[in-house]
1. If we keep just the residues of region 145-171 that are at pLDDT 95 or above and in a loop (DSSP other than H, G, I, E, B), which is surrounded by the most Cβ atoms within 10 Å (Cβ to Cβ)?
2. What number of residues within region 359-390 satisfy the criterion of being farther than 30 Å from F155 by Cβ, surrounded by 15 or more Cβ atoms within 10 Å (Cβ to Cβ) and either more than 24 Å from the chain's Cα centre (by Cα) or touching a residue at least 60 places away in the same chain (Cβ under 8 Å) (or both)?
3. Among the residues of region 260-316, which ones are touching a His at 6+ places or on another chain (Cβ under 6 Å), in contact (Cβ under 8 Å) with a residue 60 or more places away in the chain and of a type in the set (A, V, I, L, M, F, W, C)?
4. Restricting to region 36-67, name every residue that is farther than 19 Å from P95 by Cα, part of a loop (DSSP other than H, G, I, E, B) and either among the aliphatic types (A, V, I, L, M) or under 22 Å from the mean Cα position of the chain (by Cα) (or both).
5. Any residue at all in region 106-115 that is part of a helix (DSSP H, G or I) and within 20 Å of A385 (Cβ to Cβ)?
6. Looking at (1) touching a His at 6+ places or on another chain (Cβ under 8 Å); (2) surrounded by fewer than 16 Cβ atoms within 10 Å (Cβ to Cβ), which one does C206 not meet, given that it meets all the others?
7. I need every pair where a residue in region 131-157 that is free of Cβ contacts under 8 Å to residues at least 12 places away in the same chain has its Cβ under 7 Å from the Cβ of a residue that is surrounded by 16 or more Cβ atoms within 10 Å (Cβ to Cβ), sequence separation at least 6 or different chains.
8. Filter region 268-315 for residues that are of a type in the set (S, T, Y) and at pLDDT 95 or above; which is surrounded by the most Cβ atoms within 10 Å (Cβ to Cβ)?
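The values are calculated or read from the model by the stated rules, or taken from the named source; none is laboratory data. Quantities reported herein were computed from a predicted structural model and do not represent experimental measurements. As a convention, Cβ positions derive from the backbone with ideal geometry for all residues, glycine included, and neighbour counts pool all protein chains shown.
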Amino acid sequence: MRIVDISALYSPSGGGIRTYTRLKLAAAERLGHDLTVVVPGAEDSVEQVSDAARLVSIASPRFPLDRNYFYFENDAIIHDALDRYQPDFIEASSPWGSATAVAEWTGTAPRALIMHADPLSAWAYRWFEGVFSRPTIDRGFDWFWRHLRRLDAGFDTVVCASPSLAARLTAGGLHHVETVPMGVESGVFGPQHRDVGLRARLLERCDQPENATLIVGVGRFSPEKCWPLIIAAATAAGVNDPLGLVLVGDGHGRTKILRAVGENPHIALVAPITDRGQMARMLASADLLIHGASAETFGLVAAEARASGLPIIVPAAGGAGDQFVEGQGVTFTAGDAGSAATAIGEAIARLPALTAASRLAARGVPTMDEHFEALFRRYAAIAGARRKAA
């Protein structure tokens, strides 16, 4: 199949979506498909990844709230790209305006909306859940639910990587939702990458001895990742248990994060790690992974931590929460720093058992190869059914 992905959320300096896109470009040729990923960017360019895969950047305005990202200036740009590449199947990777443009394109190709973003969890629920119930918030944002239902009517499938997100969308009146679970990059992560020297250096950077607990958090420094909450929780938990918290990332929320760290010497910020082998060593060398966001659509970092044999501390909601396995981590109430602090203390108290179970289970974490095989197989089935009905 000739597949075109209109990927409005891609950024060269991004995190999970960038990783996902790169893996998909690598998988396309191996699985017998031709893939073009079209993204808004700083300039017009074409990166030929392989004979059957390419990343096409269209010069676009920068997104004002995060200068690392860009946005398609109008629907005509997207329609022109689809006219040019004449896909057999189309993906839209954002639930916003680019998805509407894909749905309204006049071509006959079947199309899938990939839910790489969960705006309600990222913004509305995070802002208002302490005051209103979710049903009340949903009523206040009924305009967005109507938008999602219109998109649902214009797409052959709405793909979620997380069963909890799929369930919410179905309950909200969407009819084409299905779950195609993601996974981790094959052959990269594993407990065997543990580096005791790296662990000692990271703890030293946090002004802690080697017998302290090393906790790592990985993700973009933006409000929906809830890093100030994690910092407050780690600070409180550190009163009783010596620990070092290393946060790997960057972004427009860095100033707020630095303010939250304050004078705490036991918290260190590390620049984003793009080398996959280096990230595998980082995760395998830590004692725990902590994640604060309940708006994840899959929880890629949590899955990578599990594949590294690392117990996880995650909110009991969203894609990261879906990664929780009893006996291999601890959950806390989303948005509650006190609950997160308690979870950290519980995880440290149970660390030997959690670690042993997590290392035994590491090889069983699904891979991204399995995800793309299932995804492209589903696309072929939808396209085949469309041809048969025509």
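1. Among them, the one singled out is F155.
2. Matching residues across region 359-390 total 2.
3. Scanning region 260-316 gives A280, A284.
4. If the condition is that a residue be farther than 19 Å from P95 by Cα, part of a loop (DSSP other than H, G, I, E, B) and either among the aliphatic types (A, V, I, L, M) or under 22 Å from the mean Cα position of the chain (by Cα) (or both), then A42, A52, R67 are the ones that fit.
5. no
6. Here C206 meets the rest and fails (2).
7. Going by the 7 Å Cβ cut-off, the qualifying pairs are R134/Y125.
8. So the residue we want is S308.
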